Each structure stands twice: as structure tokens, then as C-alpha cells.
Amino acid sequence: MFSDHAVRGNEYKLVRKTTSLRSVAIAARAGNAAYRGDPSSYDGLIRMMARAYGVDAALIKAVMHAESAFNPYATSRKGASGLMQLMPTTAARYGARDIYDPVQNVRAAVKYLKDLIERYNNKTLLVLAAYNAGETAVAQYKGVPPYQETRRYIKKVLKYKRRYAVTF
């Protein structure tokens, strides 16, 4: 169902909000694997992006899991969207025009992760802190910021990364 206003009721679930009719058709394809949020449905995309940009596939999948639980239409209260929960400015900076398109979202996020890995000399804690809290917060605190959310996020991603290391 497409609507221009909020729909109330337990029988409805918001899948995607958009202001562009061009990309609304993606939401209509509810039968495809991307819609279901099946973790393994993104493994091929993850492997491709990992090879293309030299980023650990287990790290990519762990971030994806922590950020969206494999829901390509996830949107946070702060405006981060898609599988890798990119902010619109970050998505645009790394070339994603449709933040909900899994390929564009993951490609932009992996490019961003690659930049963070280079910036922080492959120090995963700092990379994850910057991905979650922002590079400004990491610079301000000269390390992992003392935010509970960020510390929980880092632990969660590292746990998932260990789990996915056997897959990739």
C-alpha cells in the first residue's frame, strides 16, 4: 500500500518513506530477498564490496547487522537510513543517490569504512567509534567517546564480527 499520510493500526508496517516517486517501486517488491532482511541474502554483495575496497567482509556484515538488522529500509530517529544506516550527507559524499538501494548504500558505507580504516591506521575501535558517533567526537575525546551507546555499539559489532569471521 502506498499512502501520503500516516496509517495507524497493528496490521500495517512502515517499510519505507520517500519523497521521490522514482524509487517507490522498490518498496513494492516485497517478495524479494532484500525486503525480508535475510542475513545471507547480502553475502554476495558484501564479498564484492570487500574485494573492491579492501575491507574485511566480516566487519561489513557485522556493521550491517548492528545498524539495520539487514533491513534495507531501516531509518533511525536521527535520519540514518538503509542497510548500513548512512546519514544523507555521508551517503551523498560517497556517491549514493538512493540511500535505500542496497548496492548504493553498501558501496557508500564500505568506501566510508575504508576511509576511516586509513584515517585511524586500522584501529578497529576508533573506526567503529567514528562510524557510530562521528569523526568529530573521536577527535574531541582523542579516542573512543565516553558515550554508552557508542561503547555498546562497538561491543556488539565486534561480537558479530567474530561470528561472521567463520563465514567469510
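The values are calculated or read from the model by the stated rules, or taken from the named source; none is laboratory data. Keep in mind that what you see is a predicted model, and the values were worked out from it rather than measured. As a convention, Cβ positions derive from the backbone with ideal geometry for all residues, glycine included, and neighbour counts pool all protein chains shown.
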Looking only at region 60-100, how many residues end up being surrounded by fewer than 19 Cβ atoms within 10 Å (Cβ to Cβ) and touching a residue at least 40 places away in the same chain (Cβ under 8 Å)? 2
Go through region 138-168 residue by residue and tally those that are among the small types (Gly, Ala, Ser) and either touching a residue at least 40 places away in the same chain (Cβ under 8 Å) or buried (at least 17 other Cβ atoms within 10 Å of the Cβ) (or both). 1
Conditions first: (1) more than 21 Å from residue 42 (Cα to Cα); (2) crowded, with 21+ Cβ neighbours inside 10 Å. Residue 115 passes all but one, so which condition is the exception? (2)
Mind listing whichever residues of region 57-107 are within 14 Å of residue 157 (Cβ to Cβ) and part of a helix (DSSP H, G or I)? 57, 58, 59, 60, 61, 62, 63, 64, 65, 66, 67, 68
For region 108-137, enumerate the residues that are without any contact (Cβ under 8 Å) to a residue 24 or more places away in the chain and either under 17 Å from residue 54 (Cα atoms) or outside any helix (DSSP H, G or I) (or both). 115, 116, 118, 119, 120, 121, 122, 123, 127, 134
Report yes if some residue within region 108-129 is modelled with pLDDT under 95 and hydroxyl-bearing (Ser, Thr, Tyr); otherwise report no. no
